[in-house]
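Right, one structure below, let's go through it.
The values are calculated or read from the model by the stated rules, or taken from the named source; none is laboratory data. This one's a predicted model, so the numbers in the text were calculated from it and none came from an experiment. Neighbour counts run over all protein chains shown; Cβ positions are idealised from the backbone, glycine included.
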Amino acid sequence: MLNPFYDKFIFTSNFKYRGSNFFLLDLPVAISPTAPLARISAMDNKAINEALYLSTKDATMEDVIPLLKLDFKSRFNNSLKLFENFLSSSGWGEISMVDVYPRKAHAIITVKNSPIASKPKGNPKNPVDHILRGYFAGVFSKAFGRDVGCVELKCAALGDSCCEFIVKPAPEFSRDKPRSMRQLPKKTP
Ligand SMILES: [Zn+2]
């Protein structure tokens with residue numbers, strides 16, 4: 001027994017070890033120490049943050065969602081729940097999509113025990129979970145059928161009790177909030 005999510009995929013032979021790689025359905029995954037990603041995130045370099053965010057967002061839309069066979073048109077709630085379970089069960093922390101408003105293309109997500117934020121290197125001055133931001137921007141862009149951005153407003157690395165993320169169309173983020181503007185790329189959300 002690992003956790004209910006992976007147990008189900010193992011039981012149905014949809015989680016496989018083949019050629020020294022793991023596959024969840026057809027999605028390649030790896031069990032990896034979190035320390036290298038935590039170190040990269042703690043550098044707090046704007047270009048690196050943006051690369052982590054945008055590459056995760058694009059990979060989520062183009063690779064992860066199709067290979068996990070998520071279909072938001074016919075199974076909106078189930079697909080979001082499966083993605084939430086996938087991240088939580090893969091060790092990214094306890095993900096809760098607490099509020100989802102498809103008509104406005106808004107969402108609020110909390111994460112307890114983010115492995116990137118739990119033991120930050122140094123003394124971060126800004127939120128560190130750019131990879132999680134990318135996952136949320138990607139999955140909700142697909143789910144809502146329009147491009148949205150994601151900003152981390154609270155982060156455990158800064159002493160907050162959990163991490164909190166806001167998803168909405170990029171032009172709706174306040175231009176006068178430095179924390180939001182620092183996290184969003186200038187041209188694309
Ligand atoms: Zn965080």
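Quick notes on this structure:
- Screening the stretch 158-189 for residues that are of a type outside the set (S, T, N, Q) and assigned to a helix (DSSP H, G or I) and picking the one that is farthest from the ligand (Cβ to nearest atom) gives P171.
- Filter pass, K16 being assigned to a loop (DSSP other than H, G, I, E, B) and more than 17 Å from the chain's Cα centre (by Cα): no
- Among the residues of the stretch 36-67, the one identified as of a type in the set (A, V, I, L, M), touching a strand residue (DSSP E or B) at 6+ places or on another chain (Cβ under 9 Å) and surrounded by 17 or more Cβ atoms within 10 Å (Cβ to Cβ) is V64.
- Only one of the numbered conditions (1) more than 30 Å from A157 (Cβ to Cβ); (2) in the same structural domain as Y135 (by TED's automatic domain parsing) is not met by L54, and that is (1).
- In the stretch 88-108, residue farthest from P171 (Cα to Cα) [restricted to those that are surrounded by fewer than 19 Cβ atoms within 10 Å (Cβ to Cβ) and aliphatic (A, V, I, L, M)]: V98
- Any pair with Cβ under 9 angstrom, 6 or more apart, that starts in the stretch 147-161 at a residue that is hydroxyl-bearing (S, T, Y) and ends at one that is surrounded by fewer than 24 Cβ atoms within 10 Å (Cβ to Cβ): S161/K112; S161/K154
- Any hit, the stretch 143-153, residues being over 26 Å from L2 (Cα atoms), within 15 Å of the ligand (Cβ to nearest atom) and surrounded by fewer than 17 Cβ atoms within 10 Å (Cβ to Cβ): yes
- Qualifying residue in the stretch 97-108 (condition: assigned by TED's automatic domain parsing to the domain that holds G134, over 18 Å from F144 (Cβ atoms) and either in contact with a His (Cβ under 7 Å, 6 or more places away or on another chain) or of a type in the set (F, W, Y) (or both)): no
Residue-by-condition table, conditions (1) under 12 Å from the mean Cα position of the chain (by Cα); (2) over 26 Å from T34 (Cα atoms); (3) outside the structural domain of S141 (by TED's automatic domain parsing); (4) of a type in the set (A, V, I, L, M, F, W, C):
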site	(1), (2), (3), (4)
N77	no, yes, no, no
L82	no, no, no, yes
F86	yes, no, no, yes
K119	no, no, no, no
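- Residue match in the stretch 149-157 (condition: assigned to a helix (DSSP H, G or I) and over 22 Å from L70 (Cα atoms)): yes
- Single match in L25, L82, L87 (criterion: closer than 15 Å to L132 by Cβ and out of contact with any Ser or Thr (no Cβ under 7 Å at 6 or more places or on another chain)): L87
- Of all the numbered requirements in (1) at pLDDT below 95; (2) within 23 Å of G91 (Cβ to Cβ), C155 misses one, and that requirement is (1).
- Note on the stretch 110-142: residues that are within 11 Å of the ligand (Cβ to nearest atom) and under 19 Å from S180 (Cα atoms) total 12.
- Tally of residues being among the polar types (S, T, N, Q) and farther than 19 Å from S41 by Cβ across the stretch 171-186: 1
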